[in-house]
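The values are calculated or read from the model by the stated rules, or taken from the named source; none is laboratory data. What you see is a predicted model, and the numbers here were worked out from it, not measured in a lab. With ideal geometry, Cβ positions are generated from the backbone for all residues, glycine too; neighbour counts draw on all protein chains shown. These area figures cover heavy atoms from the full protein model, side chains too; ligands, DNA and RNA do not enter into them. Shrake-Rupley method; radii C 1.70, N 1.55, O 1.52, S 1.80 Å.
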Amino acid sequence: MHTKGVGLHTGQEVDLTIRPGEADAGIVFRRSDLPSSSQVAANADNVVDTQLATTLGEAGVRVSTVEHLMATFAGLGIDNAQVEVGGSELPIMDGSAAPFVRLIRSAGIEEQAAPKRFIEITREVRWTDGLAFTSLTPHDGFRLDYTMKYDHPYFEGLCQHARVDFSSRAFIRDISRARTFGFLADIERLRAMDLVRGGSLANAVVVDDDGVVNDEGLRYEDEFAKHKILDAIGDLYVAGHSIIGAFTGYQSGHASNNALVRELLADPASFRSVTFENGCQPPINLYRAWNGAQANGTPRSP
């Protein structure tokens, strides 16, 4: 599949092509504007920046704002893919994962001759940074619970919270359309930092002192918290496999999510790698909407 769009922070238009990946190769990003060897694997060790986005880097090659596409891969059961991008940042599209979902579902998904592997949480892992915290705990499925609270007039007295029992169907219906958001008062400051140069009302929810500026309003009543869950799904997927466990986040973001993944992988006693073969079935909510989760998945050729 192929598309193009503007990078949220760079403001540059880039081409994006997603191709099938070899079984058990994982998600690999390649910079098509650089020499052919310029690629970076999507894993926790390669997360090199988490300021307002998740950036991967390896051997001098960087690709930023990968979280929405990574969430799409997780949501659709894509284990292996080659992602070619013609610049340093993925296109932001409409600020959500929905355009990526539509493109990949239109292209189709192929099962591969390799068992799908999961990371099953066996004991609690927690990361705390001031008031913010994230945790993973054992759970028969994949549940995400997020709470946010901003010191801002629009959010005064409002505690945004969302909980999702993950499945492909729930991801597509309840999470994928949640857009990134920001505050009108912060835009000039961020642009002075060479950030959000491609941001607009077409690819973000913007909030001023009176509320949401966008004419269309919100797509979900709890769209802000659900976008944080969308980000968390993408950030957690750099662990390398889908998670069986419960994620909880409070006032957390990309940095906390990546720190949690690193904490998890550094403690082998906190998880085990599992597959579901020979008739064994994974927790029901981890099934893809259109077939089972026993095999690796990859997008069809564009």
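Find all pairs meeting these conditions: Cβ atoms under 7 angstrom apart; at least six residues apart or on different chains; first residue within segment 82-101 and among the hydroxyl-bearing types (Ser, Thr, Tyr); second residue assigned to a strand (DSSP E or B) and surrounded by fewer than 19 Cβ atoms within 10 Å (Cβ to Cβ).
Ser88/Arg62
Residue under question is Ala170, and the condition is that it be out of contact with any helix residue (DSSP H, G or I) (no Cβ under 7 Å at 6 or more places or on another chain), part of a helix (DSSP H, G or I) and either surrounded by 22 or more Cβ atoms within 10 Å (Cβ to Cβ) or at pLDDT 90 or above (or both); does it hold?
Yes; evaluated as a whole, the condition is true for this residue.
Quick check, is Val101 of a type in the set (A, V, I, L, M), under 18 Å from the mean Cα position of the chain (by Cα) and closer than 23 Å to Ala202 by Cα?
So Val101 fits the description; yes.
Would you pick out the residues in segment 124-149 that are in a loop (DSSP other than H, G, I, E, B) and in contact with a strand residue (DSSP E or B) (Cβ under 8 Å, 6 or more places away or on another chain)? Working first, answer last.
So in segment 124-149, the residues in a loop (DSSP other than H, G, I, E, B) come out as 124, 130-131, 138-141, 149.
Glu124, Leu131, Pro138, His139, Asp140, Gly141, Lys149 - these are the residues of segment 124-149 that are in a loop (DSSP other than H, G, I, E, B) and in contact with a strand residue (DSSP E or B) (Cβ under 8 Å, 6 or more places away or on another chain).
Anything in segment 1-51 that is without any contact (Cβ under 8 Å) to a residue 24 or more places away in the chain and either open to solvent by less than 20 Å² (accessible area, probe 1.4 Å) or touching a strand residue (DSSP E or B) at 6+ places or on another chain (Cβ under 6 Å) (or both)? List them, or say none.
Correct list: Ser38, Gln39, Val40, Ala41, Val48, Asp49.
When you scan segment 186-302 for strands (runs of 3 or more DSSP E) that lie fully inside it, which ones turn up with 2 or more residues that are at pLDDT 95 or above and within 23 Å of Thr55 (Cβ to Cβ)?
242-250
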